[in-house]
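First comes the structure, then the notes that go with it.
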Amino acid sequence: MIGRLNHVAIAVPDLEKATAMYRDTLGAKVSDPIDEPDHGVTVVFVELPNTKVELLHPLGDKSPIQGYLDKNPGGGMHHVCYEVDDIMMARDRMKAEGARVLGDGEPKIGAHGKPVLFLHPKDFCGTLVELEQA
Ligand code: CO
């Protein structure tokens, strides 16, 4: 069911430092920081030939990644995002398989303006999984 890896999201305590590391040390193409107040994050996109890495930094006082950074002060991998053709079909399949869909179970409009769902990390090898309708 899942298709392409859309992105890997990494929570970072210092966005400038993380951006410089990807740009200068790893030699990747990076975007300018983009504030996404609706999602409580500032994002830098790292463009790779086959996918993206998103560097996430908290924005505002109700950021969904603040708790993660509290537990992992040096930062770390926050989630992986896989593309699906049909988010409702994916949601129903996850429920039928006994996987927990976070929140109220309804798709939300994600950071790229497309419908997304998040799946409980305990059901997926300790990794928070985002499904995005491509
Ligand atoms: Co994401």
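Taking the options Gly126, Gly105, Gly113, name whichever one is farther than 29 Å from Lys17 by Cβ and either surrounded by fewer than 17 Cβ atoms within 10 Å (Cβ to Cβ) or hydrophobic (A, V, I, L, M, F, W, C) (or both).
On inspection, the qualifying residue turns out to be Gly105.
Which residue out of His78, His57 is assigned to a strand (DSSP E or B), in contact (Cβ under 8 Å) with a residue 40 or more places away in the chain and touching a Pro at 6+ places or on another chain (Cβ under 8 Å)? First the steps, then the outcome.
Values: His78 fails: touching a Pro at 6+ places or on another chain (Cβ under 8 Å).
Selected residue: His57, the only one of His78, His57 that is assigned to a strand (DSSP E or B), in contact (Cβ under 8 Å) with a residue 40 or more places away in the chain and touching a Pro at 6+ places or on another chain (Cβ under 8 Å).
Taking the range 104-129, which residues are away from the ligand (no atom under 14 Å from the Cβ) and not basic (Lys, Arg)? Lay out the reasoning, then the answer.
So in the range 104-129, the residues away from the ligand (no atom under 14 Å from the Cβ) come out as 104-106, 120, 122-126.
Correct list: Asp104, Gly105, Glu106, His120, Asp123, Phe124, Cys125, Gly126.
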### Query
Within the range 1-22, how many residues turn out to be more than 21 Å from Met94 (Cα to Cα) and either modelled with pLDDT under 95 or not aliphatic (A, V, I, L, M) (or both)?
6
#### Entry: Matching option when the condition is surrounded by 13 or more Cβ atoms within 10 Å (Cβ to Cβ), touching a helix residue (DSSP H, G or I) at 6+ places or on another chain (Cβ under 7 Å) and either without any contact (Cβ under 8 Å) to a residue 60 or more places away in the chain or of a type in the set (D, E, K, R) (or both), among Val46, Val12
Val46
### Message
Among the residues in the range 23-31, are any within 16 Å of the ligand (Cβ to nearest atom), at pLDDT 95 or above and either outside any loop (DSSP other than H, G, I, E, B) or surrounded by fewer than 20 Cβ atoms within 10 Å (Cβ to Cβ) (or both)?
### Response
yes
### Pair list, Cβ under 8 Å, 6 or more apart: the range 100-113 residue under 16 Å from Leu128 (Cα atoms), other residue of a type in the set (S, T, N, Q) and within 12 Å of the ligand (Cβ to nearest atom)
none
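The values are calculated or read from the model by the stated rules, or taken from the named source; none is laboratory data. For clarity, every value in this text was computed on a predicted model and none was experimentally measured. Counting neighbours? That spans all protein chains shown, and the Cβs are built from the backbone with ideal geometry, glycine included.
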